[in-house]
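First the structure, in the form of structure tokens, and then the observations on it.
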Amino acid sequence: MIITLTTDIGWEYAAEMKGKILSINPDAKIVDITHEIMPQNIRQGAFVLYSIVPCFKKAIHIGVVDPGVGTDRKAIIIECKNAYFVGPDNGLFIPAAKKLGIKKIYEIEVSRKASPVFHGRDVFAPVAAKLSAGIKAEELGKEIKKYVELDFGKATVEKGRIKGKVLFIDRFGNIITNITKKYLKTKEFHVKIGVVEKKVKLYPSYGYAKEGEILAVIGSSGFLEIARREGNAAKYFNAKEDMEIEMFF
């Protein structure tokens, strides 16, 4: 099975993880998803994993966005149909795993020899390598029932207004929300984030907007994004993660 890597650790540390994988299974095929998740931003990492899992028929997904590394947080394997997730028990994998259907979850015993600051290399990479070599998950951990939840929440409609939240801000300054296409009844609407309000148009893609225009698009994962053509929408709205976003027509 292919091994994917989604982390916030940068390319140098990711290379150490890949070296560890290949030292255990030289035939492993490794795909870098990204190593540029915003530091400690579990929700952004979860969103990226949620977005990419449908692109892989069979894969082992390692995730390292792990502000709790070295504490008593669990290291886990999540078994799904045709996929495994290996990494911290902090909610990082849950939206993606639920999309595929969770079968079982296993807790990995962390060796005392493992670096308390780099479980990606010393715990998750070896486990993923062994899974890719055909070792079964139940041989690598004990089954557990409880795990840390994470979801993106659901938008609501109140008095003609759609209310959602900002999931995260990407590196372009685009505002990723938890509002899906089904809530959008027109191609023009008002967006309010904090104290800033702006009438925007919904376009098929960014290129349809004029330079500097604030716009809305439906991202490739099906969620509404507020963007600025050749600019930064987050700065315009002073938007931050978890802020409420309102839409009205």
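Among the listed values [x] 27, 21, 18; [y] 36, 22, 15; [z] 37, 18, 16, the one computed from these coordinates for semi-axes √(5λ) of the Cα gyration tensor in Å is [z].
Sequence-ordered 3J(HN,Hα) estimates for the range 35-45 from the Karplus curve with 6.51, -1.76 and 1.60 and θ = phi - 60° stand at 10, 10, 4, 4, x, 6, 8, 4, 5, 5, x Hz, glycine and proline given as x. Here the label points at D27 and E197, each 7 Å from Cα along the C-beta direction, are separated by 6.4 nm in the simple model. What is the range 205-249 by shape, rounded, prolate or oblate, if you read a ≥ b ≥ c off the alpha carbon gyration tensor as root eigenvalues and call it rounded for a/c under 1.5, prolate for a/b larger than b/c, and oblate otherwise? Because a/c hits 1.5 or more and a/b fails to exceed b/c, the range 205-249 counts as oblate.
Taken along the Cα-to-beta-carbon direction at a fixed 7 Å, the label points for T34 and N238 span 2.7 nm. A simple spin-label model places the labels of T156 and E230 4.1 nm from each other, with each point 7 Å out along Cα-to-Cβ. For the range 1-124, what does the alpha-carbon gyration tensor say about shape, rounded, prolate or oblate, given a ≥ b ≥ c as the root eigenvalues, a/c under 1.5 as rounded, and a/b over b/c as prolate? Here the range 1-124 falls in the rounded category.
Quick one: angle between helix 10-24 and the longest Cα principal axis of the chain, in degrees between 0 and 90, rounded to 10, please. Taking the Cα atoms of the chain, the angle to 10-24 is about 30 degrees. For the pair the range 185-222 / the range 123-167, the C-alpha centres are spaced 30 Å from each other. Extension gain, E16 to E149, is 45.0 nm, computed as 0.36 nm per intervening residue step minus the present C-alpha separation. Going by neighbour counts of Cβ atoms within 10 Å, the residues Y203, Y208 line up, fewest first, as Y208, Y203.
Counting beta carbons within 10 Å around each of L131, L140 and listing the fewest first gives the order L140, L131.
Seen through its C-alpha gyration tensor, with square-root eigenvalues sorted a ≥ b ≥ c, the range 156-248 comes out rounded because a/c lies under 1.5. Between T180, T71, T34, the residue with the greatest mean-square fluctuation in the GNM of the chain (Cα pairs under 10 Å linked by springs) is T71.
Read the figures in this text as sums done on the coordinates, not as results from a lab. This structure is a prediction, so every number in the text was calculated from the model and none was measured. FYI the Cβ positions are ideal-geometry reconstructions off the backbone, even for glycines, and counts take in every protein chain you see.
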